[in-house]
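Peer 1: The structure follows.
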Amino acid sequence: MVDPLELIAKYYLPGSASFDILVGHSRAVAGKSLEIAQRLKHLGPDLGFIEEAAILHDIGIFMTKAPSLGCFGDKPYICHGYLGRELLESEGMPGHALVCERHVGVGISLADIEQHHLPLPGRDMLPITLEEKIICFADKFFSKSTDTPEREKPLSNVRKQMLRYGPDKLRLFDEMAEMFL
């Protein structure tokens, strides 16, 4: 198995803005994910996988156009999930790859893609496994676009953010919150 930080360093220049933002954010998400998983030990979450996948969940951002994150790719930011999936599949990490694709928002359905004409492959990208759901949920509490990507947002702020995407997305988030908090 590849060390997640070594894999990130394969695609990001250590010390660059994009590397530092990604790693800071990913470590914060991994910490919260593991905290949640510890409370759910009775469900048997794979802690090692959660830590690795949480560190790698945003590895695809460098291929997107997100200059504020030091990323100068040619794809819209919403594509970072499926791009990360493709990258990790090419690295022989199919389970980790699915976390990349399925963590965006509270997951993106095929209906969402079609209704909003999103520039994504035509398939459901919804978290399915416990580990995918934990990482997806934990990710919502940390922003890469601030000076402090490791600072956790209050639940009320995350709920407001989810509501911007519609009441159905807030409902899905609240279901996760009920299970994980």
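The values are calculated or read from the model by the stated rules, or taken from the named source; none is laboratory data. What you are looking at is a predicted structure, and each value in this text was computed from that prediction instead of being measured. All Cβ positions, even for glycine, are placed from backbone atoms using ideal geometry, and neighbour counts span all protein chains on display.
Peer 1: Being under 15 Å from C136 (Cβ atoms) and touching a residue at least 12 places away in the same chain (Cβ under 8 Å) narrows it down to one of L34, L43, L5, L22, so name that one.
Peer 2: Going through L34, L43, L5, L22 in turn, just one is under 15 Å from C136 (Cβ atoms) and touching a residue at least 12 places away in the same chain (Cβ under 8 Å): L34.
Peer 1: Where residues in segment 93-110 are without any contact (Cβ under 8 Å) to a residue 24 or more places away in the chain, more than 12 Å from the chain's Cα centre (by Cα) and in a helix (DSSP H, G or I), which of them is surrounded by the fewest Cβ atoms within 10 Å (Cβ to Cβ)?
Peer 2: The residue in question is P94.
Peer 1: Are any of the residues in segment 73-90 closer than 22 Å to S143 by Cβ, in contact (Cβ under 8 Å) with a residue 40 or more places away in the chain and of a type in the set (A, V, I, L, M, F, W, C)?
Peer 2: yes
Peer 1: Further question on the same structure: Cβ-Cβ under 7 Å, sequence separation 6+ or interchain: first residue in segment 154-181 and among the basic types (K, R), partner in a helix (DSSP H, G or I). Which pairs?
Peer 2: Note: pairs meeting the criteria are R159/L170; R159/F173; K169/M162.
Peer 1: Continuing with this model, one more query. Mind telling me which of the residues R39, R27 ends up being basic (K, R) and over 23 Å from Y77 (Cβ atoms)? Before you say what the answer is, go through the steps one by one.
Peer 2: On the way: R27 fails: over 23 Å from Y77 (Cβ atoms).
Only one candidate qualifies: R39.
Peer 1: To continue, here is another question. Can you tell me which of M176, M93 is among the hydrophobic types (A, V, I, L, M, F, W, C), farther than 19 Å from G24 by Cβ and in contact with a helix residue (DSSP H, G or I) (Cβ under 6 Å, 6 or more places away or on another chain)? Don't jump to the end; show me each part of the working.
Peer 2: Details: M93 fails: in contact with a helix residue (DSSP H, G or I) (Cβ under 6 Å, 6 or more places away or on another chain).
Checking each option against the conditions leaves just M176.
Peer 1: Taking the condition within 24 Å of K144 (Cα to Cα), surrounded by fewer than 18 Cβ atoms within 10 Å (Cβ to Cβ) and modelled with pLDDT of 95 or more, does K41 pass? I'd like the intermediate steps shown before the answer.
Peer 2: Values: within 24 Å of K144 (Cα to Cα): no; surrounded by fewer than 18 Cβ atoms within 10 Å (Cβ to Cβ): yes; modelled with pLDDT of 95 or more: yes.
Here the answer is no, as K41 does not meet what is asked.
Peer 1: A further question on this structure: Is there a residue being crowded, with 16+ Cβ neighbours inside 10 Å, touching a Pro at 6+ places or on another chain (Cβ under 8 Å) and modelled with pLDDT of 95 or more anywhere in segment 139-153?
Peer 2: Yes, that holds for at least one residue.
Peer 1: So G70 ticks every box in (1) buried (at least 16 other Cβ atoms within 10 Å of the Cβ); (2) touching a residue at least 60 places away in the same chain (Cβ under 8 Å) but one. Which box is left unticked?
Peer 2: Against the list (1) buried (at least 16 other Cβ atoms within 10 Å of the Cβ); (2) touching a residue at least 60 places away in the same chain (Cβ under 8 Å), G70 comes up short only on (2).
Peer 1: I'd like the residue in segment 111-151 that is assigned to a helix (DSSP H, G or I) and among the small types (G, A, S) and, out of all such residues, is nearest to Q161 (Cα to Cα).
Peer 2: Restricting attention to segment 111-151, the residues satisfying the condition of being assigned to a helix (DSSP H, G or I) are 111-115, 130-139.
Imposing the further condition that a residue be among the small types (G, A, S) reduces the set to 111, 138.
Details: A111: 21, A138: 14 Å.
Per the criteria, the residue is A138.
Peer 1: Can you say whether F137 is among the aromatic types (F, W, Y) and more than 14 Å from H57 (Cβ to Cβ), as far as the supplied structure shows? Even if it seems obvious, please write down each step before you answer.
Peer 2: Values: among the aromatic types (F, W, Y): yes; more than 14 Å from H57 (Cβ to Cβ): no.
Considered against the rule, which asks whether it is among the aromatic types (F, W, Y) and more than 14 Å from H57 (Cβ to Cβ), F137 comes out as no.
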